[in-house]
1. Looking only at the range 37-86, count how many residues are closer than 18 Å to residue 101 by Cβ and in contact with a Lys or Arg (Cβ under 9 Å, 6 or more places away or on another chain).
2. Which residue pairs have Cβ atoms closer than 8 Å, lie 6 or more positions apart in sequence or on different chains, and pair a first residue in the range 22-35 that is in contact (Cβ under 8 Å) with a residue 24 or more places away in the chain and open to solvent by 100 Å² or more (accessible area, probe 1.4 Å) with a second residue that is part of a loop (DSSP other than H, G, I, E, B) and among the hydroxyl-bearing types (Ser, Thr, Tyr)?
3. Looking for something part of a loop (DSSP other than H, G, I, E, B) and modelled with pLDDT of 80 or more - is there at least one such residue anywhere in the range 4-23?
4. Can you run down the residue pairs with Cβ atoms below 7 Å, 6 or more apart or on separate chains, where the first is in the range 161-173 and free of Cβ contacts under 8 Å to residues at least 60 places away in the same chain and the partner is surrounded by 11 or more Cβ atoms within 10 Å (Cβ to Cβ) and part of a helix (DSSP H, G or I)?
5. Regarding the range 119-131, can at least one residue be identified that is open to solvent by 80 Å² or more (accessible area, probe 1.4 Å) and under 28 Å from residue 65 (Cα atoms)?
6. Please go through the range 82-126 and pick out each residue that is basic (Lys, Arg) and closer than 16 Å to residue 43 by Cα.
7. Starting from residues that are open to solvent by 100 Å² or more (accessible area, probe 1.4 Å) and of a type outside the set (A, V, I, L, M, F, W, C), keep the ones in the range 81-96 and report whichever is nearest to residue 65 (Cα to Cα).
8. Restricting to the range 133-161, name every residue that is exposed (fewer than 10 other Cβ atoms within 10 Å of the Cβ) and either under 31 Å from the mean Cα position of the chain (by Cα) or not charged (D, E, K, R) (or both).
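The values are calculated or read from the model by the stated rules, or taken from the named source; none is laboratory data. Computed from a predicted structure; not experimentally measured. Heads up, the Cβs are rebuilt from the backbone with ideal geometry, glycines too, and the neighbour counts pull from every protein chain shown. Note: accessible area is taken over every heavy atom of the protein model, side chains too, but ligands, DNA and RNA are not part of it. Shrake-Rupley method; radii C 1.70, N 1.55, O 1.52, S 1.80 Å.
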Amino acid sequence: MAPEREGVRERAVSGATAATRARARLDQPRPPRRRILPEWDPEAFGRLSERIARFLGTGRFIVWMTVVIIVWVLWNIFAPRDLKFDEYPFIFLTLMLSLQASYAAPLILLAQNRQDDRDRVNLEQDRKQNERSIADTEYLTREIAALRIGLGEVATRDWIRSELQDVLRELDGHRAGGHAVFPAERPHGRDVDDR
């Protein structure tokens with residue numbers, strides 16, 4: 001039976017499809033493909049785009065762009081005819097400004113996307129920190145409640161004050177009657193009059 005299976009396998013491999021394409025081995029990684037476009041580091045490109053977008057959003061860029069446009073227009077109006085490179089409708093200037101705008105918009109969007117990613121990470125970290133703070137606060141609240149419950153049977157300041165006022169009243173009452181009773185003489189849990 002084993003020889004028959006090998007023969008079937010050979011026939012399947014020797015078919016028309018086997019001659020046109022090679023079988024890929026699944027136990028080995030594919031060889032790297034040749035790339036037509038050059039490869040670049042996306043982080044380096046992102047950092048460069050952020051620097052450009054940051055520069056495009058400054059007053060320095062606006063001033064330099066204004067100076068270049070004014071010089072361009074004045075040169076092409078007042079320069080000798082042989083030295084002019086863009087005549088009056090300034091088509092080449094329009095083309096350059098359009099080219100600059102077409103590159104500036106995607107660079108600014110890329111920088112905004114990277115900033116959104118950073119903001120998302122920061123918000124996630126803030127959320128986790130808030131959760132930890134809430135958990136710590138709840139823990140401390142439970143601990144304080146346990147301490148209050150534990151201290152419930154301990155003498156508090158108000159209880160001691162009320163007991164001292166009662167003792168003073170008793171002393172004043174007995175002094176008026178000529179007989180002073182001190183708390184040490186008093187049996188525990190009974191008034192002096194109960195003797």
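1. Number satisfying all stated conditions: 1.
2. none
3. Taking the range 4-23 as the starting set, the residues that turn out to be part of a loop (DSSP other than H, G, I, E, B) are 14-15, 21-23.
With modelled with pLDDT of 80 or more added as a condition, the list becomes none.
No, every residue in the range 4-23 fails to be part of a loop (DSSP other than H, G, I, E, B) and modelled with pLDDT of 80 or more.
4. Close Cβ pairs (under 7 Å, with a partner that is surrounded by 11 or more Cβ atoms within 10 Å (Cβ to Cβ) and part of a helix (DSSP H, G or I)) amount to 170/192.
5. no
6. Filtering the range 82-126 down to residues basic (Lys, Arg) leaves 84, 114, 118, 120.
Selection gives 114, 118.
7. 88
8. 149, 150, 152, 154, 155
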